[in-house]
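What follows is one structure encoded as structure tokens, with my remarks underneath.
We did not get these values from a lab; they are worked out from the coordinates using the rules stated. Here the structure is a predicted model, which is why all the values come from computation and not from measurement. Cβ coordinates were reconstructed from backbone atoms using ideal geometry, including for glycine residues, and neighbour counts include every protein chain displayed.
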Amino acid sequence: MAQFLDIPGQGLLQIAELFLAFLLCALIGVEREIRMKSAGLRTHTLVGVSAALFILISKYGFDNILVYGRVVLDPSRVAAQVVSGIGFIGGGVIFMRRDVVRGLTTAASIWFTAALGMACGAGLVVLAFATVLGYFIIMLAFPLLARRLPRSKKLPTEIQVSYQGGRGLLRTILVKCTDLRFSIDRVGLEQNRETGTAVEAIGFSPGEDHDIAPSKGDVTMTMLVRGKRPISHLVAAISDIDGVQEVGRVGGGSEFE
């Protein structure tokens, strides 16, 4: 074992750099695991340690073939390939569901973990610790700050919801809006039948009873809503209600999480 440690690039320093990458990237993975994201502890740890190993290989793995003045290698070429190659893993956790893009933050955290592992492999310990501190500030403190930022309540958004009639979903959807602190300015209902009729209620309030009898078949509801939170939060919440078939903004466009 000692003879292998004497080979350049396989000393205690490199082992310490790999262990540092393991430790710091595992911390990132723990945060993602607690939030129950698709890429958790194992993924982030593997990405970080692998990136660190790539950098160490690039720095020390070709010493035996270098000839002064004849063979010159650029260690930064592997770092550039890691940056572009990690996009395949990040792209795998991004998906779109009913007009809402999810997984962007998880993809960014994987990209960050790769950079963190590369910093450890390059021996940039101070930068590695500083970026980990910055990561937890971004993930833990920024959401609290974002809730306090003023948001315009003057521009309502119109969304359209298609759901199965006869299941009492109308009240569930409206209550979900109020739970997320969205106000409802107008609600329009249309029964999706050949002989169906359209019904519109102005100033619809989810806390009031209305003379709209539950009907069987599919129903399309159009709502004009406004609130402090991004409309994507409301779209995602309504999409998760059992019986809701489609949710989207009227007029096109997508909201990103």
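How far apart, in nm, are the 7 Å Cα→Cβ label points at Arg148 and Asp74?
Distance between the two pseudo-spin positions: 4.6 nm.
Once you put a point 7 Å from the Cα of Met139 and another 7 Å from the Cα of Ser162, both along the Cβ direction, what distance in nm separates them?
Result: 3.8 nm between the two label points.
In what sequence do Leu133, Leu46 fall when counting other Cβ within 10 Å, fewest first?
Ascending number of Cβ neighbours within 10 Å: Leu133, Leu46.
Along the Cα→Cβ direction, 7 angstrom out, place labels at Val30 and Phe129. What is the inter-label distance in nm?
Those two pseudo-labels are separated by 1.7 nm.
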